[in-house]
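These notes concern the structure reproduced below.
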């Protein structure tokens, strides 16, 4: 078994263990009491810094995510494991407080990622961990935004993660597979790990209606996106729902699988989300909720490895009454591979099934236990069906 880059995970696990031991019925030991007081002091100090910054118009926050994946190597069938982490630190800037510029906002986000890429276990085309990427430290996002016409018009300019605005599946945030968050059919989509410079315009003529327009300069050319959407609340329970449909077009010098060249390719996607049940648990706003989502997308198989995508999932918030911040999710994602000469796929499609349980240990700590099964991974007959288990640690500060 191989295990790399796990020192941070071990350190955090020891700290969590110390806290847990200090909360038992037995008198706390000196070392665990010291650990508890030290971590409490750090959290308190961080909170003081955040409050002080927010008063000046700068909201600072961060998140540390570490995955530890267990599976079997496709080559020698030996058990293997590896870890990787992603660290984000961001600052949201309130233009009115900082510069007396009403309706303006800014955002700066730094990211540090240390990896061992998931291909050491799997050969799936849809990545089973949405933090898998080459190791790097980068200025991930930096953009400026202006709101006009009583917030009915929003203009955004800078280096932008497109998936924060387009093709978003709001209810799928705790799934680990990358295809649960957006359709992989969108060619050269400028999202993790490499956002790109872009200009976005958003219109909200009415509260329930929205229209998004985006243009991004990518490594393959200029990507343009148009996405109208509508939201609603159903029945006396006011069950929230939304639908969006996007059209994208990529202009540039593009290579097709058969060796020919083209100046344009295009496709479309859609996202439907609906809460189907909810139960209020407390006056503080805690509730149990069952939410569902559906994705569908299509792209040109001459240049895109994926011609069709179908995804669906369900998430139960607060599966147990006393665990109001836990969640349980099940989802599937299916892609059809291109059949064009030169695409080299000998399987028609790939199917991935995923299930997770998220335990919220506190406002700052959460643990996600995730399982995924791959059928026809990578679209090649030589790749066997397989599965991986990934515990994920999330620390917010």
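The values are calculated or read from the model by the stated rules, or taken from the named source; none is laboratory data. For clarity, every value in this text was computed on a predicted model and none was experimentally measured. In this analysis, Cβ positions are derived from the backbone assuming ideal geometry, glycine residues included, and neighbour counts consider all displayed protein chains.
Inside segment 77-100, residues that are part of a strand (DSSP E or B) and out of contact with any strand residue (DSSP E or B) (no Cβ under 9 Å at 6 or more places or on another chain) make up a count of 0.
Reported count of residues in segment 65-75, each being buried (at least 17 other Cβ atoms within 10 Å of the Cβ) and either at pLDDT below 85 or in contact with a helix residue (DSSP H, G or I) (Cβ under 8 Å, 6 or more places away or on another chain) (or both), is 4. In this structure, does residue 343 turn out to be in contact with a strand residue (DSSP E or B) (Cβ under 8 Å, 6 or more places away or on another chain), more than 15 Å from residue 129 (Cα to Cα) and touching a residue at least 40 places away in the same chain (Cβ under 8 Å)? When the stated conditions are applied, residue 343 passes them.
Against the condition surrounded by fewer than 15 Cβ atoms within 10 Å (Cβ to Cβ) and at pLDDT 60 or above, how does residue 59 come out, does it pass? Steps first, please.
Details: surrounded by fewer than 15 Cβ atoms within 10 Å (Cβ to Cβ): no; at pLDDT 60 or above: yes.
Against the criterion (surrounded by fewer than 15 Cβ atoms within 10 Å (Cβ to Cβ) and at pLDDT 60 or above), residue 59 does not qualify.
Restricting the search to segment 197-219, which residues are part of a loop (DSSP other than H, G, I, E, B) and in contact (Cβ under 8 Å) with a residue 40 or more places away in the chain? 204, 205, listed by residue number.
For residue 151, the requirement of being farther than 21 Å from residue 252 by Cα and either under 22 Å from the mean Cα position of the chain (by Cα) or part of a strand (DSSP E or B) (or both) is not met. Remark: residue 258 falls outside the filter, which requires a residue to be more than 21 Å from residue 165 (Cβ to Cβ), in contact with a strand residue (DSSP E or B) (Cβ under 9 Å, 6 or more places away or on another chain) and modelled with pLDDT under 95.
Search segment 170-184 for residues being outside any helix (DSSP H, G or I) and within 20 Å of residue 318 (Cβ to Cβ), and hand back the single one that is nearest to the chain's Cα centre (by Cα).
Filtering segment 170-184 for residues outside any helix (DSSP H, G or I) gives 173-177, 181-184.
Then drop every residue that is not within 20 Å of residue 318 (Cβ to Cβ), which leaves 173-175.
Working: 173: 5, 174: 7, 175: 8 Å.
Once the filter is applied, the top-ranked residue is 173.
For the criterion of being within 20 Å of residue 168 (Cα to Cα), exposed (fewer than 15 other Cβ atoms within 10 Å of the Cβ), over 22 Å from the mean Cα position of the chain (by Cα) and touching a residue at least 24 places away in the same chain (Cβ under 8 Å), residue 277 fails.
For residues that are buried (at least 17 other Cβ atoms within 10 Å of the Cβ) and over 23 Å from the mean Cα position of the chain (by Cα), tally how many sit in segment 221-244. Number satisfying all stated conditions: 2. Of note, residue 177 satisfies the criterion of being out of contact with any helix residue (DSSP H, G or I) (no Cβ under 6 Å at 6 or more places or on another chain) and surrounded by 20 or more Cβ atoms within 10 Å (Cβ to Cβ). Using the structure shown, decide if residue 171 is out of contact with any strand residue (DSSP E or B) (no Cβ under 8 Å at 6 or more places or on another chain), touching a residue at least 12 places away in the same chain (Cβ under 8 Å), under 27 Å from residue 86 (Cβ atoms) and surrounded by 15 or more Cβ atoms within 10 Å (Cβ to Cβ). Answer is no for this residue.
Could you grab me the full set of residues in segment 220-240 that are at positive phi and part of a loop (DSSP other than H, G, I, E, B)? Residues satisfying the conditions are 235, 238.
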